[in-house]
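Scroll down for the structure; my scribbles are underneath it.
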Amino acid sequence: MTTKFLNPAAVVAQSGIMQGQTVADLGCGNGFYVLPAAQMVGPTGTVLAVDVQESKLAATVSISNQFGYKNVRILQADLTKPLLDIPAHSCDMVIVSNILHEINSQTELIKNIYRILKSPGRLVAVEWKRTATPFGPPLDKRLDQQKLEVLLMQTGFRKDKDLEADGYHYAVLFEK
């Protein structure tokens, strides 16, 4: 098992993200993916940092300000309820990283993703591999890659490709 840990900039760079795009990071946590996405979309793009936890959003605001990113918008929301604060078909890309295994209603979150994505739009999904690792969530909580892909395809997504992640995670790129 590799000891290298997930590099969010490297994962996002494989997604085809471009200057001027609108990207939503759903379940953004402390902004692990927000910063590289904000850098890649540039000043003419926007990153929507969405999380249910106010403390995580505060940390994302703080680090975005520290690096001078003025293109990050914060939104506190429950990802399993309709994300009506994000207009339908308004995002070029959605990032969901290490959040699907924590959510009880994965299908509701996937419906939200589908609704806010433009057509064509892209989804980057990153999750823990369903193998034993020295840290991370318990195995029974992890979402198998094949199960995730089936859930996404049932909603109308098409798999584009696997992305390079690390020894602990898998990453996939889907298109609407």
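Readers should treat all values here as calculations from the given coordinates under stated rules, not as data from a laboratory. For clarity, every value in this text was computed on a predicted model and none was experimentally measured. Glycine also receives a Cβ, built like all others from the backbone with ideal geometry; neighbour counts cover every protein chain displayed.
Evaluating residue 151 against the criteria (1) among the aliphatic types (A, V, I, L, M); (2) surrounded by 20 or more Cβ atoms within 10 Å (Cβ to Cβ); (3) assigned to a helix (DSSP H, G or I) leaves one unmet condition, (2). For residue 65, which of the numbered conditions (1) surrounded by fewer than 17 Cβ atoms within 10 Å (Cβ to Cβ); (2) assigned to a loop (DSSP other than H, G, I, E, B) fails to hold? Of (1) surrounded by fewer than 17 Cβ atoms within 10 Å (Cβ to Cβ); (2) assigned to a loop (DSSP other than H, G, I, E, B), only one is false for residue 65: (2).
Within region 48-69, the presence of at least one residue that is within 12 Å of the chain's Cα centre (by Cα), touching a residue at least 12 places away in the same chain (Cβ under 8 Å) and over 20 Å from residue 173 (Cα atoms) is confirmed. In this structure, residue 78 does not qualify as in contact with a strand residue (DSSP E or B) (Cβ under 6 Å, 6 or more places away or on another chain), in a loop (DSSP other than H, G, I, E, B) and either surrounded by 14 or more Cβ atoms within 10 Å (Cβ to Cβ) or of a type in the set (Asp, Glu) (or both).
Looking at 79, 35, just one residue is touching a residue at least 40 places away in the same chain (Cβ under 8 Å) and farther than 23 Å from residue 160 by Cα, and that residue is 79. Which condition number in (1) outside any loop (DSSP other than H, G, I, E, B); (2) closer than 18 Å to residue 176 by Cβ is the one that residue 58 fails? Failing condition for residue 58: (2).
Give region 90-124 a look and list any residue that's over 16 Å from residue 153 (Cβ atoms), touching a residue at least 40 places away in the same chain (Cβ under 8 Å) and assigned to a helix (DSSP H, G or I), or say none. Within region 90-124, 101, 102, 112, 116 qualify.
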